[in-house]
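Peer 1: The structure under discussion is supplied below as structure tokens; questions concerning it will follow.
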Ligand SMILES: [Zn+2]
Ligand SMILES: [Zn+2]
């Protein structure tokens, strides 16, 4: 390894159905982009649905979770000495279904777990096929409900990282007023010692900005909340995509350090100088 540079802590797997490419191709791109570490975060099996309805849509089916771990471990072995590879999960948090989730949390010694909220009362609000539902909603209320669910997820204590913090903005919907729960969620993030993910997928979506916004990153910095980076790559060539925009926003917010994980333990590392030419 040529020295510690950057980690991309959010990338998907062909097992999820909504991602393309082989594991080693994600690793290849990471090396090409000068990263020193990556973490695979396949979607946790659909613990929140009755077993008969778990179709594996956009998530790993339970029977393939072992394969997922094996495949990631294989890449980790092959890349030993050049690229660190972490084994993690993105968990779609659904309140009230925690009992079904627990076995997956203990299934493996995950390096870290991402907390994600993609559903508000069963509505997949970030799914392009369901974007029309926004038209029937008070957008402010959508944000309020979203942050309430996110906070419930944070309080479980199961997670290390809060993924795409302000996800409801994906298609450009803005609350048009201050959402108190947004502030509450940031404070809870700090109080729970959770790491905030700076997710660059937003740059590739209609909203055209990172999650969370620069405004929120400034607040997070003032609260002393630590951050990590994730591309949310669904294709190998998306690994580290937009990282220079994210680093620019982080610097502007005041950040000088990022966080990486080893077996659930977080460590700080300095934002490398000269990564972005
Ligand atoms: Zn997600
Ligand atoms: Zn994701």
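Peer 1: Picking from 35, 83, 65, which residue would you name as being in contact with a helix residue (DSSP H, G or I) (Cβ under 8 Å, 6 or more places away or on another chain) and closer than 30 Å to residue 247 by Cα?
Peer 2: 83
Peer 1: Among 38, 69, which is over 25 Å from residue 185 (Cα atoms) and assigned to a strand (DSSP E or B)?
Peer 2: Among 38, 69, only 38 is over 25 Å from residue 185 (Cα atoms) and assigned to a strand (DSSP E or B).
Peer 1: Would you please list the contacts, defined by Cβ atoms under 7 Å and residues six or more apart or on different chains, that run from a residue in the range 31-53 that is without any contact (Cβ under 8 Å) to a residue 12 or more places away in the chain to a residue that is part of a strand (DSSP E or B) and within 16 Å of ligand 2 (Cβ to nearest atom)?
Peer 2: Hits for this filter: zero, empty list.
Peer 1: Further question on the same structure: Every residue in the range 223-249 that is within 16 Å of ligand 2 (Cβ to nearest atom), farther than 16 Å from residue 88 by Cβ, in contact with a strand residue (DSSP E or B) (Cβ under 6 Å, 6 or more places away or on another chain) and in a loop (DSSP other than H, G, I, E, B), please.
Peer 2: Hit for the range 223-249 is 240, nothing else.
Peer 1: Scan the range 149-185 residue by residue and report those that are away from ligand 1 (no atom under 14 Å from the Cβ), assigned to a helix (DSSP H, G or I) and either touching a helix residue (DSSP H, G or I) at 6+ places or on another chain (Cβ under 6 Å) or modelled with pLDDT under 95 (or both).
Peer 2: 151, 154, 181, 182, 185
Peer 1: Go through the range 111-148 and give me each residue that's in contact with a strand residue (DSSP E or B) (Cβ under 7 Å, 6 or more places away or on another chain) and in a strand (DSSP E or B).
Peer 2: 112, 113, 114, 115, 116, 119
Peer 1: Just the residues that are in a loop (DSSP other than H, G, I, E, B) and within 16 Å of ligand 2 (Cβ to nearest atom), please, taken from the range 87-110.
Peer 2: Within the range 87-110, 93, 94, 110 qualify.
Peer 1: Also, quick follow-up: Do the conditions hold for residue 25, that is, is it buried (at least 16 other Cβ atoms within 10 Å of the Cβ), within 30 Å of residue 276 (Cα to Cα), away from ligand 2 (no atom under 16 Å from the Cβ) and modelled with pLDDT of 95 or more?
Peer 2: yes
Peer 1: Would you check which residues across the range 250-271 are assigned to a loop (DSSP other than H, G, I, E, B) and over 24 Å from residue 88 (Cα atoms) and list them?
Peer 2: 254, 255, 256, listed by residue number.
Peer 1: Hey, among the residues in the range 106-121 that are within 16 Å of ligand 1 (Cβ to nearest atom) and within 25 Å of residue 131 (Cα to Cα), which one's surrounded by the most Cβ atoms within 10 Å (Cβ to Cβ)?
Peer 2: Result: 114.
Peer 1: So residue 14 clears everything in (1) within 16 Å of ligand 1 (Cβ to nearest atom); (2) within 16 Å of residue 237 (Cβ to Cβ); (3) modelled with pLDDT under 90 except one condition, right? Which one?
Peer 2: (1)
Peer 1: Turning to a different aspect of this structure: Would you check which residues across the range 54-105 are within 16 Å of ligand 1 (Cβ to nearest atom) and either free of Cβ contacts under 8 Å to residues at least 12 places away in the same chain or surrounded by fewer than 16 Cβ atoms within 10 Å (Cβ to Cβ) (or both) and list them?
Peer 2: Within the range 54-105, 57 is the sole residue that qualifies.
Peer 1: Can you list residue pairs whose Cβ atoms sit under 6 Å apart, with the first residue in the range 257-269 being at negative phi and free of Cβ contacts under 8 Å to residues at least 60 places away in the same chain and the second being surrounded by 16 or more Cβ atoms within 10 Å (Cβ to Cβ) and not in a loop (DSSP other than H, G, I, E, B)? Count only pairs 6 or more apart in sequence or on different chains.
Peer 2: 267/260; 268/259
Peer 1: If we keep just the residues of the range 157-180 that are closer than 25 Å to residue 101 by Cα and without any contact (Cβ under 8 Å) to a residue 60 or more places away in the chain, which is nearest to ligand 2 (Cβ to nearest atom)?
Peer 2: Only one residue fits best here, namely 167.
The values are calculated or read from the model by the stated rules, or taken from the named source; none is laboratory data. Not measured: the values here are computed from a predicted model. Neighbour counts run over all protein chains shown; Cβ positions are idealised from the backbone, glycine included.
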